[in-house]
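Peer 1: This is the structure I have questions about; it appears just below.
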Amino acid sequence: MQTAVTATISAAAIIATSAMRTLLVAAALLGTVACSFAWDGYDSDTGDAVEIEKGNLVRSGRDIEIYDYGAGEYRDVTVERIERWGSTVEVEVYDSESGEYRTFEMDD
């Protein structure tokens, strides 16, 4: 009798472990997909592509992180102004590292 109970408990543990693994893999995949969205655009002066990562609140006065493909690095900038022009959004930022104001044309 004890062997049957032990076997039942072992089978339940294996099923629970398998279900947990499946949930963990699904959560990891969803997290990867959710984190992969970004706002794409380009620097209107240089033509270099820029990307504003998901999770950045793009509002005047806020600091955001961008990826500057021309420089090949992430940069912290301060949003100065946001304006919509047809199907694009113009985002003016101040890059304190370079001391320059930059204008990005972002896809809507």
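Peer 1: If you go through segment 87-108 one residue at a time, how many are in contact (Cβ under 8 Å) with a residue 60 or more places away in the chain and surrounded by 13 or more Cβ atoms within 10 Å (Cβ to Cβ)?
Peer 2: Of the residues in that region, 4 qualify.
This table checks each residue for (1) outside the structural domain of Glu97 (by TED's automatic domain parsing); (2) at pLDDT 60 or above; (3) of a type in the set (A, V, I, L, M).
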| site | (1), (2), (3) |
| --- | --- |
| Ala11 | yes, no, yes |
| Ile14 | yes, yes, yes |
| Leu24 | yes, no, yes |
| Ala28 | yes, no, yes |
| Ile52 | no, yes, yes |
| Tyr67 | no, yes, no |
| Glu73 | no, yes, no |
| Thr78 | no, yes, no |
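Peer 1: Within segment 60-86, which residues are loosely packed, with under 14 Cβ neighbours inside 10 Å, over 16 Å from the mean Cα position of the chain (by Cα) and among the acidic types (Asp, Glu)?
Peer 2: Once the filter is applied, which keeps residues that are loosely packed, with under 14 Cβ neighbours inside 10 Å, over 16 Å from the mean Cα position of the chain (by Cα) and among the acidic types (Asp, Glu), segment 60-86 yields only Glu83.
The values are calculated or read from the model by the stated rules, or taken from the named source; none is laboratory data. All values derive from a computational prediction rather than experimental measurement. Please note: Cβ atoms are built from the backbone with ideal geometry, for glycine as well, and neighbour counts cover all protein chains shown.
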